[in-house]
Amino acid sequence: MSTLLRAVKGMNDMLPDEMRRVQRVEAAFARAMQLYGFREVRTPLVEPTSLFVRAIGEATDVVEKEMYSFVHHDEALTLRPEGTAGAVRAYIEHGVPQSEPVTRWYYVGPMFRAERPQRGRYRQFWQAGAEVFGDRGPAADAEMVDLLVRFLRDIGVPDARVLVNSLGDSAARQRYKAVLVDYLLPRAEKLSPYSQRRLEQNPLRILDSKDPRDAEVLEGAPTILEVLSGEDTAHFAAFRRHLDALGAPYEVAPRLVRGLDYYTRTLFEIKGATAKLGAGDTLVGGGRYDAMVADLGGPSVPAIGFAAGVERLVIASEAADVAGAVDAFVAPLGDATLEYALVLARDLRAAGVKTELDGRQSTLKALLRRATAIGARFAAIVGDDEVTKRVVQLKDLDARSQETVAREEVVATLRRKLAERVVEGSS
Ligand code: AMP
């Protein structure tokens, strides 16, 4: 007996009903990005392993334990765990900084991380992200947060919480590490065993802990905002003033650090409702990475970016579902009507009406049942009589009314009725 083949754990199929919601989110994202002057890029799913090690940082969870890496013909390769490293590589490789002072890119595509799968956390997941290269100022940071808030409202996530922080530069982080360790060492035995180990290797990670024991100790800990340089403090203050001017809601979260090592200065996270999303309630993560372009061998160009999890956006978004996939269902009754129906369906599609022809030759009852099941709004029924008289029975499946329409009027009539529906539906 053959064994049933199944998808790899944590890597999910998206069937058409879910894809409709995904497409809606992705279309709204592309619209938002284009409104703000971003252009789409696509980079490979596979990159040299060293790119991620250098960009993301060796002591991060992603690089330490979550990458799908393999050797192929002596080349060490990795399925991309995030989109920024590849975008920066492409930006440098194609000499973009030499030809454009400011570059705005966006992308949508699958990422791979060997995490423990749960609701909203998968091993293959989609990210919609963007990068701005070449603009050091806090206005770029504020515009990025504001566009995200607007985009989230647009897809029906009105209650998202925006958390902002500043991590300063690497010198500030070194100072903060020392201050934090000084504070935590005398309280080490109150920390969770996991955080006790982190105290030596990567103390900033302790701030990410969800363990209540750690939360209690961290309650009184100094924050990184206290050790920022004057310039970093001024950048953070201007960023917040710009957000206020735009009316974008936010909370300062001085203990926010994120899992990737490359951030400098501005850092932000947008959270959705925990009731819906569970532990995976972070919809968007982003921040500045002013040192990465130079670290990866390019010129010294500042940058800021974000990535949103598409599956999480779909779970969080509440907007009413889009209309059915099909507007018109053409139902031919009997062999002799098939060609009349074929031409009718083709003419409807040529006029932009989403049309399905059901050529199974079943009973009217079965055909109408299916038309309703797939959410069609109109059925065009053609029997022998209709072919002879060159008419169509046009049935409105919501209003349950039916009328006889002349064949040459069908396309115009259907288009008019569909347009009326859209206006009614949006009022
Ligand atoms: P990060 O690249 O870790 O900053 O994550 C940015 C966003 O990607 C998160 O806020 C999530 O929405 C999404 N994300 C990250 N990891 C996963 C995952 N394993 N499964 C689903 N979505 C994820």
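The values are calculated or read from the model by the stated rules, or taken from the named source; none is laboratory data. Keep in mind the model is a prediction, meaning the values are calculated, not measured. FYI the Cβ positions are ideal-geometry reconstructions off the backbone, even for glycines, and counts take in every protein chain you see. Side chains are part of the model used for accessible areas, which takes the heavy atoms of the whole protein and leaves out ligands, DNA and RNA. Shrake-Rupley method; radii C 1.70, N 1.55, O 1.52, S 1.80 Å.
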**Request:** Kindly express, to the nearest 10 degrees and within the range 0 to 90, the angle between helix 230-246's C-alpha long axis and the longest C-alpha principal axis of the chain.
**Result:** 30 degrees
**Prompt:** Given the Cα atoms of the chain, and with Rh set as the inverse mean 1/r over their pairs in the Kirkwood sense, what is Rg to Rh to two decimals?
**Reply:** 1.10
**Prompt:** Restricting attention to the stretch 58-93, which GluC sites (Glu not before Pro) occupy a DSSP loop and are surrounded by at most 16 other Cβ atoms within 10 Å?
**Reply:** Glu58
**Asked** Most fluctuating residue of Thr264, Thr49, Thr84 in a GNM of the chain with Cα springs under 10 Å: which is it?
**Response** Thr49
**Request:** Send over a whole-number figure in Å² for the accessible area per residue of the chain, probe 1.4 Å.
**Result:** 50 Å²
**Asked** About its Cα centre, how strong a charge dipole does the stretch 367-427 have in debye, to the nearest 20, once Lys and Arg get +1 and Asp and Glu get -1 at the Cβ?
**Response** 180 debye
**Request:** With only Lys, Arg, Asp and Glu charged, each at its Cβ (+1 for the first two, -1 for the last two), find how big the charge dipole of the stretch 1-135 is about the Cα centre; round to the nearest 20 debye.
**Result:** 600 debye
**Prompt:** Carbon and sulfur together cover what percent of the accessible area of the stretch 106-175 at a 1.4 Å probe radius?
**Reply:** 45 percent
**Asked** Once you charge only the Cβ atoms, +1 for Lys and Arg and -1 for Asp and Glu, what is the size of the charge dipole of the chain about its Cα centre, to the nearest 20 debye?
**Response** 740 debye
**Asked** R0 = 22 Å: FRET efficiency of Thr3 with Phe70, Cβ-based, nearest 0.05?
**Response** 0.35
**Asked** Taking the chain as a Gaussian network, Cα atoms linked when under 10 Å apart, which of Leu364, Leu283, Leu296 shows the biggest mean-square fluctuation?
**Response** Leu364
**Angle in degrees between helix 170-184 and the longest Cα principal axis of the chain, rounded to the nearest 10** = 70 degrees
**Asked** Listed here are the pairs Lys389/Lys417; Lys177/Lys210; Lys276/Lys395; Lys276/Lys365; which of them are more than 30 Å apart at the Cα?
**Response** Lys276/Lys395; Lys276/Lys365
**Complete:** Note, Tyr68: beta-carbon cut-off 13 Å, +1 each Lys/Arg, -1 each Asp/Glu, net +1
**Request:** Given the options Thr233, Thr388, Thr372, state which has the largest fluctuation in a GNM of the chain using a 10 Å cut-off (strictly under) for Cα springs.
**Result:** Thr388
**Message:** Can you give me the C-alpha center-to-center distance between the stretch 186-218 and the stretch 337-409, rounded to a whole angstrom?
**Reply:** 67 Å
**Built amide H within the under 5 Å cut-off of Ser192, gap 5+** = Asp214
**Request:** Jot down the per residue volume, in cubic angstrom and as a whole number, of the convex hull over the alpha-carbon atoms of the stretch 9-158.
**Result:** 147 Å³
